[in-house]
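All remarks here apply to the structure that follows.
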Amino acid sequence: MGNRVKITINGSVHEAEVEPRLLLVHFLREVVGLTGTHIGCDTTNCGACTVLLDGRAVKSCTMFAVQADGRTVMTVEGLAQNGQLHPIQEGFHQKHGLQCGFCTPGMMITAFALLQRVPNPTEEQIRWGISGNLCRCTGYVNIVAAIKDAADKMRGTPAPAGERS
Amino acid sequence: MKVEGTYTLPAPRDKVWALLNDPGVLARATPGVKKLEPQGDDMFKATIELGIGPVKGAYDGKVSITDKVPPERMTLRVEGGGKPGTIRATGELRLEESEGKTVVNYTGDAQITGLIASVGHRLIGGVAKQMASEFFKALERELQKR
Amino acid sequence: MIPGSFEYFSPQTLPEAVTLLQRYGEDAKVLAGGHSLIPLMKLRLAAPRYLVDLSRIDGLTYIRESEGFLRVGALTRHGDIETSDVIRSGYPLLADAARVIADPLVRNMGTVGGSLAHADPAGDWGAALLAAGAHVVATGPRGGRTIPLDEFFVGTFTTALQPDEILTEIGIPQSQKNSGGAYLKLERKVGDFAIAAVGVGLLLSSTGACEQVGIGLCNVGPTSLRAGQAEQVLRGKKPDDATIARAAETAATESDPADDLRGPADYKRDMVRVLTARALRLAVGRAKGGA
């Protein structure tokens, strides 16, 4: 009783026969082998499993792979290009935006979606934006700094917060 | 978890008392009860299938009636268990007659364990009240049948 | 956690979806954003045998004003409402509610129609849309019918929808020059269900009296509640401090909360009073031309 799905993940097309009850996060980790997306709480609270679905940040533990059929998914593995870290990854690295690292893939994907929409976010916009992603180590201060750093790099110039947002 | 409330039934107390002591009525009026088999005096084996929206569960349990003071009060005890969890509940019903009607005051206490308790805690109080009200509405329909 | 097995359908049209619901009846569940249903399925508290996914049906996502109503398609995501210019400029009650539902990630998937049809007493849309005087459109084998939201919530997780009906649209009386609203939610932390929340929608007359008023209460009863007696206190009167205080006290008596991990019933009832007064003041200010 498999259903055939065709999902574009980080630019390449993956086809597979899956049971309808297979969660997207299990599809990514176990069928495709992309283990960067983490399973944290498994109850739609923590955001460790965040991926982009057609450009929107969503919790992949709370959708079935069949729902993503024909759609586009980006995981944390899709951030770096040609061996070059993405500015968001660099930001987390340089500003110490992680300690244990478990929440980091979801946090970075959420940051990516936020910066697409709001290229120059205020601290409040960043904190509001990541309010669906839980971190138990950092106290968030360095995560916010990392995202701010990435925003500046991605715009090319550091600018006072609030502009163009 | 405690629930309490009052319901007025449009019939004299003796009639309501008789109704509450009729296993057939109890089986039909109690939400979710599919079968109530007598197991001696005022003891029953119950098969319950309860659906609250998408949350559906099947439970096996025991229902007993104790502390009877006709036609004033009785205590209902329900114990049951199923996949989503277990429940032990007691409910005391006090019947007062006023102008040909019967005012039923009920107080209940329930201990719930398992998944239902951990996940559904916030809903149990409301659902219990809703079920009590369904029970009395069903009793009212039974009264009309007589 | 892995849900029980089910058969999955993703119909392309509404009639196809309705046909599937007719065929499978109570064994089928409609899947919209899935952010209430899938967690229940993962816990195996819900185990529908058939899932009918609406997400591939075109034309159920929209926010537009027509013929005196704001019309919102049932598959419109909470996040779409949060960022909609139409909502931001004319419907502060809905804008307030949209931004406090769960968290941003959930708002990217969860839908307004799904939230209403799930009928969780803690659903923010229930209270907000009761306050807004909304109705819903249910589409079934015999076409569409309109259900006032007042008659929609039958019990916890239970609505007036028939098993073969799909909620397809939400309608709200269009905002006017002197209308205002607010939704205030007290929560333990971002993303949590409300300890209590109150929605207020109102329309002031030229003399500044409350011509129309709606008050909705969230998570303080077996269903979303409408505080009809509190509305009556305000109707036709100027919303001065004394009247607002009386309405807020009335709303508190109309709430029916239960003790749980979010607090004892008395506390929640008092929070209904506080939030109702604050939401009324905010809504009146907005109706008079404030932000």
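Near C:I195, the amide H atoms lying under 5 Å from its own belong to C:L186, C:E187, C:R188; only residues 5 or more places off or on other chains count, and H is placed 1.01 Å from N.
Partner aspartates and glutamates whose Cα lies under 12 Å from the Cα of A:K153, excluding those fewer than 8 positions away in the same chain, are identified as A:E90. Between 0 and 90 degrees, the angle of helix C:265-287 with respect to the longest Cα principal axis of chain C falls at about 70 degrees. A simple rule links phi to the HN-Hα coupling: the Karplus curve 6.51 cos²θ - 1.76 cosθ + 1.60 with θ = phi - 60°, which for the range C:206-220 gives 5, 8, x, 8, 6, 7, 10, 8, x, 10, x, 10, 10, 6, 10 Hz, with x for Gly and Pro. Report the number of Lys pairs in chain C whose alpha-carbons are under 24 Å apart, with separation of 8 or more residues or on distinct chains. Taking chain C as the scope, the lysine pair count is 10. Screening chain A for DSSP H helices whose Cα atoms reach 27 Å or more along their own axis and whose mean Kyte hydropathy is at least 1.0 gives nothing. To test your reading of the geometry: what angle, between 0 and 90 degrees and rounded to tens, separates the Cα axis of helix B:115-145 from the longest principal axis of chain B? Its long axis makes an angle of about 30 degrees. Sorting the segments A:30-37, C:126-133 by their residues' average number of neighbouring beta-carbon atoms within 10 angstrom, most packed first, yields C:126-133, A:30-37. Shown here is the pair-distance distribution of the range A:87-163: with all Cα-Cα distances grouped in 5 Å bins from zero up to the longest one, the shares run 3, 19, 33, 28, 13, 4, 1 percent.
What percentages make up the Cα-Cα pair-distance distribution of chain C when the bins are 5 Å wide from 0? Result returned by the calculation: 1, 6, 12, 17, 18, 16, 13, 8, 5, 2, 1, 0, 0. Highest mean packing first, where packing is the average number of other Cβ atoms within 10 Å per residue, the peptides A:79-92, B:28-41 line up as A:79-92, B:28-41. Using a/c under 1.5 as the rounded threshold, could you call the range C:7-99 rounded, prolate or oblate? The axes a ≥ b ≥ c are square roots of the C-alpha gyration tensor eigenvalues, and prolate needs a/b larger than b/c, oblate otherwise. Note, shape of the range C:7-99 comes out oblate. The residues neighbouring B:T47, those whose beta-carbon lies less than 15 Å from its own, together hold a net charge of +3 under the Lys/Arg +1, Asp/Glu -1 convention.
Give me the tail of P(r) for the protein assembly as shown as a percent: Cα-Cα pairs with distance above 45 Å. Value for the protein assembly as shown: 23 percent of Cα pairs lie more than 45 Å apart. Computed from phi, the 3J(HN,Hα) profile of the range B:54-59 under the Karplus parametrisation 6.51, -1.76, 1.60 (θ = phi - 60°) reads x, 8, 10, x, 10, 9 Hz, with x in place of Gly and Pro. Where a ≥ b ≥ c are the square roots of the eigenvalues of the C-alpha gyration tensor, would you call the range A:3-75 rounded, which needs a/c under 1.5, or, failing that, prolate if a/b is larger than b/c, or oblate? It comes out prolate by the Cα gyration axes.
Inter-chain neighbour count for C:261-268: the average number of beta-carbon atoms from partner chains within 10 Å of each residue's beta-carbon is 1.
Can you give the calculated 222 nm mean residue ellipticity of chain A, where each DSSP H run of n ≥ 4 adds -39,500 (n - 2.57) and the sum is split over every residue, rounded to the nearest 500 deg cm²/dmol?
-8000 deg cm²/dmol
Give me the inter-chain shielding for A:15-24: mean count of other chain Cβ atoms within 10 Å, whole number please. Don't jump to the answer; show the numbers that get you there.
On the way: counts 0, 0, 0, 1, 5, 10, 10, 2, 5, 0.
The per-residue average across the peptide is 3.
Across peptide C:94-106, the average count of Cβ atoms from other chains found within 10 Å of a residue's Cβ is 4. Under the convention that each Lys and Arg Cβ holds +1 and each Asp and Glu Cβ holds -1, the size of the dipole of the range B:2-145 around its Cα centre is about 520 debye.
Starting from the eigenvalues of the Cα gyration tensor, five times each then square-rooted, give me the equivalent ellipsoid semi-axes of chain B, largest first, whole Å.
Values for chain B, descending: 26, 16, 14 Å.
For the peptides A:54-63, C:22-31, residues were scored by their other Cβ atoms within 10 Å and the scores averaged per peptide; the highest-first order is A:54-63, C:22-31.
Each of B:A110, B:P84, B:L143 was scored by the projection of its Cα onto the charge dipole of the range B:81-146, and the greatest displacement toward the positive side belongs to B:P84; charges sit on the C-beta of Lys, Arg, Asp and Glu.
All of the numbers you see were taken from the coordinates with simple rules; none came from a lab. None of these values were measured; they are calculated from a predicted model. Backbone-built Cβ (ideal geometry, glycine too); neighbour counts: all protein chains shown.
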